[in-house]
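So the structure is just underneath, and the comments pick up after that.
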Amino acid sequence: MKILEPLAKLCAILAGTLLTLITLMTCISLIGRNTTGWSIVGAFELTGFAAGAAIALFMPWCQLRRGNIIVDFFTAKASAGTQAGLDRIGALAVAAVMGLLTWRTCIGGLNAWNSGSSSMMMGFPEWIVYVGMVPPLALTCVIALVQAVRGFGDEAQVPA
C-alpha cells in the first residue's frame with residue numbers, strides 16, 4: 001500500500017483539479033452567455049467527458065479509504081472474523097468489476113481511436129477520455145486485490 005496510496009492520492013487530486021477547471025469553464029460560459037451573449041461552444045461536451053474521467057479518478061482513493069457503501073444490516077452481529085472475511089470477498093468482487101471495467105474501457109478507447117470518433121460540437125477526440133480512465137480503473141482493481149488478499153488495516157478505515 002506504500003506505493004498505491006500516493007498513486008490513489010494523485011488520482012484524487014487530478015480529479016479535483018479537473019472538476020475545478022470544468023466548474024470554472026462552466027461559470028465563465030454561463031456568465032458570458034447571460035451578460036454578453038458569448039459562451040463556450042461545446043462546454044456541455046467537455047463537462048460530460050470531465051465528469052466521467054473524474055469519477056474514474058476518484059475510484060482508487062474511494063476504494064483505498066473504504067468509502068464504498070457497505071450494507072452491514074445482516075452482518076452487524078456477526079463476529080469480527082466473519083465481517084473481515086465478507087469484507088475481503090467484497091473487495092475481491094470490486095477487483096473483478098474494476099478489472100472488467102478496465103478491460104472494456106481499453107476496448108472502447110481502441111475503438112474510439114480506430115474509428116476517429118469525436119464529440120459533435122467541438123470535435124474533441126473521445127479516445128482521450130478513455131486514456132484518462134484506464135489507469136485509475138486499473139489502480140482501483142489492484143488496490144481491491146491487495147485488500148482482498150491482505151485484508152483491511154486500521155490505516156484503510158474511513159475517518160470519523
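All of the numbers you see were taken from the coordinates with simple rules; none came from a lab. If you're wondering where the values come from, they're calculated on a predicted model, not measured in any experiment. All Cβ positions, glycine included, derive from the backbone under ideal geometry; neighbour counts span all protein chains shown.
Observations on the structure shown:
- Computed over segment 4-156: relative contact order in percent, which uses C-alpha pairs under 8 Å that are six or more apart: 32
- Amide H within-cut-off set for residue 118, under 5 Å, with H built and near neighbours excluded: 126
- Taking 122, 98 and counting other C-beta atoms within 10 Å, the order from fewest to most: 122, 98
- Couplings for segment 14-31, taken from phi via the Karplus curve 6.51 cos²θ - 1.76 cosθ + 1.60 with θ = phi - 60°, read 4, 5, x, 5, 4, 5, 5, 4, 5, 5, 4, 4, 5, 5, 4, 5, 5, 5 Hz in order; Gly and Pro are left as x.
- Highest GNM mean-square fluctuation among 86, 19, 145, for the chain modelled with Cα contacts below 10 Å: 86.
- Computed from label points 7 Å out along Cα-Cβ, the spacing between residue 74 and residue 119 is 4.3 nm.
- A value for log10 I(q)/I(0) by the Debye sum over Cα atoms at q = 0.08, 0.17, 0.21 Å⁻¹ was derived from the coordinates, and within the list (1) -0.24, -1.11, -1.51; (2) -0.41, -0.99, -1.29; (3) -0.32, -1.00, -1.27 it appears as (3).
- Debye, to nearest 20: dipole size of segment 4-156, +1 on Lys, Arg Cβ, -1 on Asp, Glu Cβ: 100
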